[in-house]
Amino acid sequence: MLHLTELAFFTKDVAALTAFYQKLLDASPVAESEGMAIFMIGQTKLFIHKTYEPNADELPPENHLAFTVENVDQTCAEMAQKGLAVEVEPQDYYWGRSAYLRDPDGQLIELIQAESKA
């Protein structure tokens, strides 16, 4: 089951986008720095990132949706069985285990593995 976890927006002007969403949501960010801001909308993060020129081994700085899944490897296998192509296979990042695919309009979708409750 997919759970919408995050909306990520990349921008050259983090301060302006943060100010806009602060007014729109009538809320302050729960975390903020020069290069990012995070708002919470219920259980969903609105993540504002400063855009960057990616290195060859980095993910592209693209706006995307992120969905939490129980097991990202299993979910990717299920997506493949449904005919959906995974663009970036599951791998471990500093924020957790994620994989990426695109919708028919080319929008990036992240699948992120839920943190284990050990």
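Values quoted throughout were computed directly from the atomic coordinates according to the rules given, and no laboratory measurement underlies them. These numbers were taken from a predicted model, which means no experiment stands behind them. All Cβ positions, even for glycine, are placed from backbone atoms using ideal geometry, and neighbour counts span all protein chains on display.
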task = Name the residues whose placed amide hydrogens come within less than 5 Å of the amide hydrogen of R97, ignoring near sequence neighbours (fewer than 5 apart) on the same chain.
result = Q113
key: Reach of K50 by Cα under 12 Å, taken over aspartates and glutamates that are not fewer than 8 positions away in the same chain   = D13, E32, E34, E62
ask   = Just in region 25-118: which trypsin sites (Lys or Arg not before Pro) are loop by DSSP and have at most 16 other Cβ atoms within 10 Å?
value = K82, K117
request  = Quick one: order I38, I48 by neighbouring beta-carbon count within 10 Å, fewest to most.
outcome  = I38, I48
remark   = Under 5 Å from the placed amide H of M40, counting only residues 5+ away or on other chains, we find V30, L46
ask   = Which chymotrypsin sites (Phe, Trp or Tyr not before Pro) in region 34-78 pass both tests, a DSSP loop state and at most 13 other beta-carbon atoms within 10 Å?
value = Y52
query = Which one of A16, L65, L101 has its Cα pushed farthest toward the positive end of the charge dipole of the chain, where Lys and Arg give +1 and Asp and Glu give -1 at the Cβ?
reply = A16
Assigned charges on the beta-carbon of Lys, Arg, Asp, Glu; the chain dipole about Cα centre (debye) = 340 debye
ask   = How many nm is it between the label spots at D103 and T44, if each spot is 7 Å from the Cα in line with the beta carbon?
value = 1.1 nm
remark   = per DSSP, antiparallel bridges as share of beta bridges in the chain, % nearest 5, sits at 65 percent
task = Would you kindly calculate the translational diffusion coefficient of region 3-113, applying Stokes-Einstein with the Kirkwood radius from alpha carbon pairs, for 4 °C and a viscosity of 1.567 mPa s, and quote it in µm² s⁻¹ without decimals?
result = 87 µm²/s
key: Efficiency of FRET between E89 and A19 - r from beta-carbon atoms, R0 30 angstrom, step 0.05   = 0.20
query = How high is the FRET efficiency between Y52 and A77 when r is their beta carbon distance and R₀ equals 25 Å, given to the nearest 0.05?
reply = 0.20
message = Give me a comma-separated list of calculated 3J(HN,Hα) values for region 17-31, in order, Karplus coefficients 6.51, -1.76, 1.60 applied at θ = phi - 60°, integers in Hz, x for any Gly or Pro.
response = 5, 4, 4, 4, 5, 5, 5, 4, 8, 6, 8, 8, x, 7, 8
